[in-house]
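Visitor: Have a look at this one before I ask anything.
The values are calculated or read from the model by the stated rules, or taken from the named source; none is laboratory data. Quick caveat: nothing in here was measured; it's all calculated off a predicted structure. Please note: Cβ atoms are built from the backbone with ideal geometry, for glycine as well, and neighbour counts cover all protein chains shown. Ligands, DNA and RNA are excluded from the accessible area calculation, which covers all protein heavy atoms including side chains. Shrake-Rupley method; radii C 1.70, N 1.55, O 1.52, S 1.80 Å.
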Amino acid sequence: MTAAENVCYTLINVPMDSEPPSEISLKNDLKGDVKLKTEALKKVIIMILNGEKLPGLLMTIIRFVLPLQDHTIKKLLLVFWEIVPKTTPDGRLLQEMILVCDAYRKDLQHPNEFIRGSTLRFLCKLKEAELLEPLMPAIRACLEHRHSYVRRNAVLAIYTIYRNFEHLIPDAPELIHDFLVNEKDASCKRNAFMMLIHADQDRALDYLSTCIDQVQTFGDILQLVIVELIYKVCHANPSERARFIRCIYNLLQSSSPAVKYEAAGTLVTLSSAPTAIKAAAQCYIDLIIKESDNNVKLIVLDRLIELKEHPSHERVLQDLVMDILRVLSTPDLEVRKKTLQLALDLVSSRNVEELVIVLKKEVIKTNNVTEHEDTDKYRQLLVRTLHSCSVRFPDMAANVIPVLMEFLSDNNEAAAADVLEFVREAIQRFDNLRPLIVEKMLEVFHSIKSVKIYRGALWILGEYCSTKEDIQSVMTEVRRSLGEIPIVESEIKKEAGELKPEEEVSVGPAQKLVTEMGTYATQSALSSSRPAKKEEDR
């Protein structure tokens, strides 16, 4: 590899106010104590990463730093040997690297498992076959180490070397298969199985066939790899689906949410049978309910929505509408919004009644909970969903109207406006419901708080009250809302103390006047009438 082809790993900024150390000063520091060597090695790494050429330091580091057993030094050396140029300009391996290779052979036999494991991880990054060849016996021996950290990294090293330089270890798949059969640690088995998937899929399938009934007892990291293998095999060879689909069904019961999610997604791609779709959808619903992370809930909801888009799956999901509505127990507004939209898309004449009952309960709940920023917005969503249900299924309107009418007096004008819009559409569409709507409207008319809602309700009553009784009832309600007529007399009585507390009425807004001084003054109808009366008395 020429200098122009060297990989640029990363760049580390060096403050401009400090001069980079000279090669001579670095050499002196690299011959000092451990602390000086550590700091000097850090500076060397930074300079090489930033493009400096320091060929004169290679032998100094090999002689004075490489033999040290300090763990910090060893970690820094792994970075140094990864980035330092290891070949001459014509591509031949530097003679000095033979000494480095011997040092790492010793590290692969070191009694400390961290040093062995980190060295194995470092070997995954080497691209020089000449450096790796003398180390192969030591790497193989690490597969039998007592510590799982070493064995796990030995598998990774063997896989990487086999992928890049197959001639160095041609029997790697057989070696790892034998290792996998006897291994007990979950992380080691996962790495070994992952290698077989990519290096020798037939051996991976042979191993899976021998333990397919015990898959549920495996760790989640191994289960995820098994799901990946089944997905690949079944897509490449559809005839294998019957062989592995039961395993995927079993993994739907895994204790790991990640495994359940992947297994459900794989099951949907492998089978379009209603039982498979129902099992996957039920798994998704359980995940949404049990997971606390709202982002996870939204992701899984998207998978359910994708299932619904398939025409043959929609009928299956319609039977799960009530289960989907359990997601409304989540306080997050975005999750609730998606859930309500999904339920509305799936609702049919078979389950609309149950849906309306649940939504009515949810609406009532919003009145009983402590007011929250999202409570009003959630109530609006429920009102709009009930509105849509009533329009699509007119038979449900009679059940929905009495509940929603209560919200005309809601403090949240937006929610009340949604109810008013629904009432206006219902009274126009459904002639048979007009008496019921008028009756309920009259019941709540006096408790409406918003001027806009009051005006809309008054228009509906004026437009659709056609019988003498209804008109008389409207006039009675209007009179009840206005209070005693004329308003001025009732105000005089109130000030004089002649009006009983329960007979007190609200007076319209006071009039704003401009005084001679140009300032504003407020004047009520009473204050303008009484002086006039005194004038008449005179």
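Visitor: Determine which single condition Leu382 fails, assuming it passes every other condition in (1) closer than 18 Å to Arg326 by Cβ; (2) open to solvent by 10 Å² or more (accessible area, probe 1.4 Å).
Guide: (2)
Visitor: Can you give me the ranges of the helices (runs of 4 or more DSSP H) entirely in region 325-413 with at least 1 residues that are under 30 Å from Ile299 (Cβ atoms)?
Guide: 333-346, 352-368, 375-392
Visitor: Within region 215-236, does at least one residue satisfy the condition of being more than 32 Å from the chain's Cα centre (by Cα), of a type outside the set (S, T, N, Q) and surrounded by 16 or more Cβ atoms within 10 Å (Cβ to Cβ)?
Guide: Looking through region 215-236, none of the residues is more than 32 Å from the chain's Cα centre (by Cα), of a type outside the set (S, T, N, Q) and surrounded by 16 or more Cβ atoms within 10 Å (Cβ to Cβ).
Visitor: Only one of these is over 24 Å from Glu39 (Cβ atoms), among the aliphatic types (A, V, I, L, M), at pLDDT below 90 and surrounded by 15 or more Cβ atoms within 10 Å (Cβ to Cβ): Leu108, Leu93, Leu66. Name it.
Guide: Answer to the selection: Leu93.
Visitor: Out of region 69-79, which residues are open to solvent by 20 Å² or more (accessible area, probe 1.4 Å) and in a helix (DSSP H, G or I)?
Guide: His71, Thr72, Lys74, Lys75, Leu76, Leu78, Val79 - these are the residues of region 69-79 that are open to solvent by 20 Å² or more (accessible area, probe 1.4 Å) and in a helix (DSSP H, G or I).
Visitor: For Ser256, only one of the following conditions fails: (1) hydroxyl-bearing (Ser, Thr, Tyr); (2) touching a Gly at 6+ places or on another chain (Cβ under 9 Å); (3) open to solvent by 60 Å² or more (accessible area, probe 1.4 Å). What is its number?
Guide: (3)
Visitor: Name the one entry in Ile277, Ile288, Ile299 that is open to solvent by 60 Å² or more (accessible area, probe 1.4 Å), modelled with pLDDT of 90 or more and either closer than 20 Å to Lys338 by Cβ or hydrophobic (A, V, I, L, M, F, W, C) (or both).
Guide: Ile299
Visitor: Then there's this: Let me spell it out: the conditions are (1) touching a helix residue (DSSP H, G or I) at 6+ places or on another chain (Cβ under 8 Å); (2) modelled with pLDDT of 90 or more; (3) surrounded by fewer than 19 Cβ atoms within 10 Å (Cβ to Cβ), and Tyr261 meets all of them except one. Which number is the exception?
Guide: Tyr261 satisfies all of (1) touching a helix residue (DSSP H, G or I) at 6+ places or on another chain (Cβ under 8 Å); (2) modelled with pLDDT of 90 or more; (3) surrounded by fewer than 19 Cβ atoms within 10 Å (Cβ to Cβ) except (3).
Visitor: Given the condition modelled with pLDDT under 90, open to solvent by 40 Å² or more (accessible area, probe 1.4 Å) and farther than 23 Å from Thr275 by Cα, answer yes or no: does some residue in region 316-329 qualify?
Guide: Scanning region 316-329 turns up at least one residue that is modelled with pLDDT under 90, open to solvent by 40 Å² or more (accessible area, probe 1.4 Å) and farther than 23 Å from Thr275 by Cα.
Visitor: While we're on this one: Within the bounds of region 30-53, is there any residue that is surrounded by fewer than 15 Cβ atoms within 10 Å (Cβ to Cβ), under 22 Å from Leu143 (Cα atoms), without any contact (Cβ under 8 Å) to a residue 40 or more places away in the chain and among the small types (Gly, Ala, Ser)?
Guide: No; the residues of region 30-53 include none that is surrounded by fewer than 15 Cβ atoms within 10 Å (Cβ to Cβ), under 22 Å from Leu143 (Cα atoms), without any contact (Cβ under 8 Å) to a residue 40 or more places away in the chain and among the small types (Gly, Ala, Ser).
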